[in-house]
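Taken together, the values in this text are just the output of simple stated rules run on the coordinates, not laboratory data. All of these numbers come straight from a predicted model, not from anything done at the bench. Cβ coordinates were reconstructed from backbone atoms using ideal geometry, including for glycine residues, and neighbour counts include every protein chain displayed.
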Amino acid sequence: MEFYELHPDNPQLRYINKAVEVMRKGGVIIYPTDTVYGLGCDIFNRDALERIYFIKNEAETKLFSFLCPDLKDIAKYAKVSDYAYKTMKKLLPGPYTFVLPAAKEVPKKLWTKRKTVGIRVPDHEVARSIARGLGNPIISTSATLRTGQQLYDPEVIKTVFEPHVDLMLSTGPLEGVHSSIIDLSQDDPEVIREGAGDIAYFSL
């Protein structure tokens, strides 16, 4: 595994480019977000996605969310109502995963039975820079042990995942919690999981 330490706010472009190159070749990376470290690959690379299912020890019916670099990119991969757009504009970038109706461009492997997808725009320059450089969204699933235990220390994460992952970008320990999941696919918002971020907006 290649391992690089980056500045969280002004990440070194050469390391971002290395991560992009790895994913373009079908690789899997670990990267920091505004919540926890995530496992990522290009959402359009089926082999890389299957590798992440194996690494996570998840059945391929498990749904992963994906990360876009900016709010404007979301409309390429989901159907966004006026209400959903105004809501996300207030909260993104931030520690939220929004559930929206899937656009046909998204691989059906990432669709729920209700034909929705989960999308993130994290408040972390490293994560967004990687997706921006790749030009495609990247998978966003937390770097956990197969038992589900969350890991926060990059040195521990490196040791655990070194045999399975091609590259890791580190910005130091992350003590965050998972993102809040908000369903905006219907007329009324629904909080699916309360995590990081203020969800008071949805209780008004």
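Against the condition touching a helix residue (DSSP H, G or I) at 6+ places or on another chain (Cβ under 6 Å), farther than 16 Å from Met1 by Cα and of a type outside the set (A, V, I, L, M), how does Gly133 come out, does it pass?
Answer is yes for this residue.
Going through region 4-24 one residue at a time, which ones are in contact with a Phe, Trp or Tyr (Cβ under 9 Å, 6 or more places away or on another chain) and surrounded by 23 or more Cβ atoms within 10 Å (Cβ to Cβ)?
Ala19
Please go through region 81-105 and pick out each residue that is surrounded by 21 or more Cβ atoms within 10 Å (Cβ to Cβ) and in a loop (DSSP other than H, G, I, E, B).
Passing the criteria: only Pro95.
Restricting to region 25-37, give me the number of residues that are surrounded by 24 or more Cβ atoms within 10 Å (Cβ to Cβ) and either in a strand (DSSP E or B) or among the hydrophobic types (A, V, I, L, M, F, W, C) (or both).
6
Please go through region 169-192 and pick out each residue that is part of a strand (DSSP E or B) and touching a residue at least 24 places away in the same chain (Cβ under 8 Å).
Leu169, Ser170, Ser179, Ser180, Ile181, Ile182, Asp183, Ile192 - these are the residues of region 169-192 that are part of a strand (DSSP E or B) and touching a residue at least 24 places away in the same chain (Cβ under 8 Å).
Among the residues of region 110-168, which ones are in contact (Cβ under 8 Å) with a residue 40 or more places away in the chain, in a loop (DSSP other than H, G, I, E, B) and of a type in the set (Lys, Arg)?
Arg114, Arg146 - these are the residues of region 110-168 that are in contact (Cβ under 8 Å) with a residue 40 or more places away in the chain, in a loop (DSSP other than H, G, I, E, B) and of a type in the set (Lys, Arg).
Which condition number does Asn45 fail, the rest of (1) surrounded by 15 or more Cβ atoms within 10 Å (Cβ to Cβ); (2) free of Cβ contacts under 8 Å to residues at least 12 places away in the same chain; (3) more than 24 Å from Val177 (Cα to Cα) being met?
Going through the list (1) surrounded by 15 or more Cβ atoms within 10 Å (Cβ to Cβ); (2) free of Cβ contacts under 8 Å to residues at least 12 places away in the same chain; (3) more than 24 Å from Val177 (Cα to Cα), Asn45 breaks only (2).
Taking Pro69 as the residue in question, decide whether it is surrounded by fewer than 19 Cβ atoms within 10 Å (Cβ to Cβ) and touching a Lys or Arg at 6+ places or on another chain (Cβ under 9 Å).
No, not satisfied.
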